[in-house]
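The values are calculated or read from the model by the stated rules, or taken from the named source; none is laboratory data. This one's a predicted model, so the numbers in the text were calculated from it and none came from an experiment. Heads up, the Cβs are rebuilt from the backbone with ideal geometry, glycines too, and the neighbour counts pull from every protein chain shown. Only protein heavy atoms, including side chains, enter the accessible area calculation; ligands, DNA and RNA are left aside. Shrake-Rupley method; radii C 1.70, N 1.55, O 1.52, S 1.80 Å.
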Amino acid sequence: MTLQDLKGQIDNQALPDLYLVTGEEPALLQKAKRLFASIIPEADQEMNDASYDFSAVGLDDAIADITASPFFGDHRVVRLTNPTFLTVTGKLSDSQEKAFLSVIEHPIPGNLLVIFANDLKLDKRKKLTKTVLAKAERLDLPRLNERQVGQALQGLLEQRGFRMAADAKQELLLRTQASYSKMLQELPKLLAYAADSKGITRQAVDDLVIKESTAQAFDLADLVLKGEREGAIRTYHDLVKNGEAPLRLNALLLGQFRLLLQVASLSGSDAEAGKALGIHPFRVKLARQSLRTYPLGKVRDGFLKILDMEIQMKSKAVDPLFLFETFMVNF
């Protein structure tokens, strides 16, 4: 089911007693939490709405809450986060497991247990997990792909009567790594900046949206592979001048070259490769674009030279800026 389906269930008061929420998109997971909270009138939330982090407080309080009838209301909502006991590594005591199974199989009328598993890898062999998967209404909120993020951005702009230049949209996606959640965090300041003109330019994005370290590493790696020595050295100097530690910067650069090599070895869609590598598909897309331009042998050579540069930084009292300049001259 989707968030829209959940809203429909809430509006129609057609609420099951158990939900399992999974997904990797923080903004959507937060929206789901707000929707579940909206089931309980604000005046009753202190008594009938509760959230427990299993990794911090265990399960006993949540079980006590979900087995108590709603207090002067129609519903009680108990949200349970980080349910690691549903994974391979987590475990409950025998008494807790028995109590939890009883909660699921014999729910109190009006009570809703909402389990937020987020991106945990559930152990489907466990009796507890099997029972949850069999009984729960599933709400899956996967990470949005680049096209979906672009569509969501356009929809938000149209709702507010704003325009955004095509190059500004592309740069915003690049600087946020096409993350829907990060895009939502950056959009308010762009809207405030363009409140009078209702038009968001590339310059506004450049001025207001900080480029993430992964995007900075991509830019630097691109300059290195293009052989633009002056541009690469200037960018490296600027990053160090702005407080970026040379070792961390070298690690980011090494990671970008490693990513190119990893992506080169994978087939399938951007989403499939991203899942295999544990990264956003947008980074896979950018890496594949780079690999169409740069010979794989050059990427391997760069990776080895950057690795050697890291070893020298850690073992010798050598100026990192000198090492990078020497690397660029010899690459």
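The figure for Leu304 is an accessible area of roughly 110 square angstrom, using a 1.4 Å probe on the protein chains alone.
Accessible surface computed residue by residue for the stretch 29-118, with neighbouring protein chains in place and a 1.4 Å probe, gives 51 Å² per residue. In this structure the stretch 218-319 gives 53 Å² per residue of accessible area when probed at 1.4 Å with all protein chains present. The accessible area of Leu254, taken with all protein chains in place and a 1.4 Å probe, comes to roughly 10 Å². Accessible area per residue (1.4 Å probe, heavy atoms of protein chains only) ranks Tyr19, Tyr52 as Tyr52, Tyr19, with the largest value leading.
For Gln203 and Gln30, what is the calculated FRET efficiency with R₀ set at 30 Å and r taken between the beta-carbons, to the nearest 0.05? After rounding to 0.05, the efficiency reads 0.45. With a/c under 1.5 counting as rounded, go ahead and sort the stretch 1-88 into rounded, prolate or oblate using the C-alpha gyration tensor (a ≥ b ≥ c being the square roots of the eigenvalues; past the cut-off, prolate if a/b is larger than b/c, else oblate). Cα axes put the stretch 1-88 in the oblate bin.
Roughly speaking, what is the stretch gain from Ala166 to Leu307, that is 0.36 nm per residue apart minus the C-alpha to C-alpha distance, in nm to one decimal?
On the way: separation 141, 0.36 × 141 = 50.76 nm, distance 3.75 nm.
So the extension gain works out to 47.0 nm.
Ordered from largest to smallest accessible area (heavy atoms of protein chains, 1.4 Å probe), the residues His237, His106, His75 come out as His106, His237, His75.
Taken as Cα centroids, the stretch 68-106 and the stretch 136-179 sit 35 Å apart, rounded to the nearest whole angstrom. Sorting Met47, Met328 on solvent-accessible area from highest to lowest, probe radius 1.4 Å, gives Met47, Met328. The apolar share of the surface of the stretch 189-278, taken as the fraction of accessible area on carbon and sulfur atoms (1.4 Å probe, ligands and nucleic acids excluded), comes to 50 percent.
In the structure shown, the pairs Lys91/Lys121; Lys91/Lys127; Lys7/Lys126 are assessed against 19 Å; a Cα-Cα span above that value is assigned to Lys7/Lys126. Only protein heavy atoms count here; under a 1.4 Å probe, Glu325 has an accessible surface of about 60 Å².
Under the membrane-span-like helix rule (DSSP H runs whose alpha carbons stretch at least 24 Å along the helix axis, mean Kyte-Doolittle hydropathy 0.5 or higher), the chain yields 246-264.
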